[in-house]
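Enquirer: Quick one: the structure is below, questions incoming.
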Amino acid sequence: SNTAKGYASVASGGYQNFASNYYSVVVGGMRNVASGYLSAVSGGERNTADGWASAVGGGYLNSALGDNSAIMGGYDNIAAGDFSFVAGGVHNSAMGTNSFAAGSYAKALHEYSGVVNFNLAGGSSYCESMGDYTFNFCGAADSVLNNGNVLPINMVDMTNLWRRDADDNVLYYATIVG
């Protein structure tokens, strides 16, 4: 059975779902929890929406913990930063404020950072953000394309370091590992 304990909360469909805060909603799936104010889980299994106005679209073992955070689905993803977003995939983390993670084993650890990882290696080769206000893309060899054409290796910075231009200004760019 489902339980709705918060004011104007709803837990309908599925099995052992729990909506515990004001205006929280769980609408299906199994063992999902919507415990944040205005939070929602729309299905899947063992998902949690704990942040204020947080949401999980489905999947398995996903946790939207930051305020206004969201996870579309996937497996074992975490959106812990306020205004963070995980588009789906496996083992992704959006930890910083306004951070974004997608693919597999992507970790957006910094404020206003984004990470997309299309290399499923995982483990010690997580693709991580490089600092505040950065975007990092990781993929297998020959996975960096421009208009369908593979970029030559000299167009890809493999050092993960920021560089300075001729006037000593820091150049911020996405690092690409392949």
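Enquirer: Is it the case that GLY81 is surrounded by fewer than 22 Cβ atoms within 10 Å (Cβ to Cβ), small (Gly, Ala, Ser) and either touching a residue at least 24 places away in the same chain (Cβ under 8 Å) or assigned to a loop (DSSP other than H, G, I, E, B) (or both)?
Expert: Numbers: surrounded by fewer than 22 Cβ atoms within 10 Å (Cβ to Cβ): no; small (Gly, Ala, Ser): yes; either touching a residue at least 24 places away in the same chain (Cβ under 8 Å) or assigned to a loop (DSSP other than H, G, I, E, B) (or both): yes.
In short, no.
Enquirer: Among GLY36, GLY66, which is of a type outside the set (A, V, I, L, M), closer than 12 Å to PHE85 by Cβ and open to solvent by less than 10 Å² (accessible area, probe 1.4 Å)? Don't jump to the end; show me each part of the working.
Expert: Details: GLY36 fails: closer than 12 Å to PHE85 by Cβ.
One residue alone meets the criteria, GLY66.
Enquirer: Just to check your reading of the model, which residue among TYR105, TYR173 is modelled with pLDDT of 60 or more and aromatic (Phe, Trp, Tyr)?
Expert: Values: TYR173 fails: modelled with pLDDT of 60 or more.
On inspection, the qualifying residue turns out to be TYR105.
Enquirer: I'm trying to understand the selection: among the residues of the stretch 39-48, which are closer than 21 Å to ASP82 by Cβ and either outside any loop (DSSP other than H, G, I, E, B) or of a type in the set (Lys, Arg) (or both)?
Expert: ALA40, VAL41, THR48
Enquirer: In the set GLY89, GLY73, GLY66, which member is in a strand (DSSP E or B) and closer than 30 Å to GLY28 by Cβ? Spell out the reasoning first.
Expert: On the way: GLY73 fails: in a strand (DSSP E or B); GLY66 fails: in a strand (DSSP E or B).
Only one candidate qualifies: GLY89.
Enquirer: Among SER93, SER42, which is small (Gly, Ala, Ser) and either open to solvent by 30 Å² or more (accessible area, probe 1.4 Å) or more than 27 Å from PHE135 (Cα to Cα) (or both)? Reasoning before the result, please.
Expert: Details: SER93 fails: either open to solvent by 30 Å² or more (accessible area, probe 1.4 Å) or more than 27 Å from PHE135 (Cα to Cα) (or both).
SER42 is the lone residue from the list that is small (Gly, Ala, Ser) and either open to solvent by 30 Å² or more (accessible area, probe 1.4 Å) or more than 27 Å from PHE135 (Cα to Cα) (or both).
Enquirer: Looking at (1) in contact (Cβ under 8 Å) with a residue 24 or more places away in the chain; (2) buried (at least 24 other Cβ atoms within 10 Å of the Cβ), find the lone condition where GLY74 falls short.
Expert: Of (1) in contact (Cβ under 8 Å) with a residue 24 or more places away in the chain; (2) buried (at least 24 other Cβ atoms within 10 Å of the Cβ), only one is false for GLY74: (1).
Enquirer: Among residues belonging to the stretch 14-33 that are open to solvent by 60 Å² or more (accessible area, probe 1.4 Å), assigned to a loop (DSSP other than H, G, I, E, B) and of a type outside the set (Lys, Arg), point out the one that is farthest from SER69 (Cα to Cα). Steps first, answer last, please.
Expert: Quick first cut of the stretch 14-33, residues open to solvent by 60 Å² or more (accessible area, probe 1.4 Å) only: 15-16, 18, 22-23, 27, 30-31.
Right, trim to assigned to a loop (DSSP other than H, G, I, E, B) and you get 16, 22-23, 27, 31.
Then keep just the ones that are of a type outside the set (Lys, Arg); that gives 16, 22-23, 27.
Details: GLN16: 23, TYR22: 17, TYR23: 16, VAL27: 18 Å.
Among residues in the stretch 14-33 that are open to solvent by 60 Å² or more (accessible area, probe 1.4 Å), assigned to a loop (DSSP other than H, G, I, E, B) and of a type outside the set (Lys, Arg), the one farthest from SER69 (Cα to Cα) is GLN16.
The values are calculated or read from the model by the stated rules, or taken from the named source; none is laboratory data. Model, not experiment: these values are computed from the prediction. As a convention, Cβ positions derive from the backbone with ideal geometry for all residues, glycine included, and neighbour counts pool all protein chains shown. Protein only, heavy atoms only, side chains kept; ligands, DNA and RNA dropped before computing areas. Shrake-Rupley method; radii C 1.70, N 1.55, O 1.52, S 1.80 Å.
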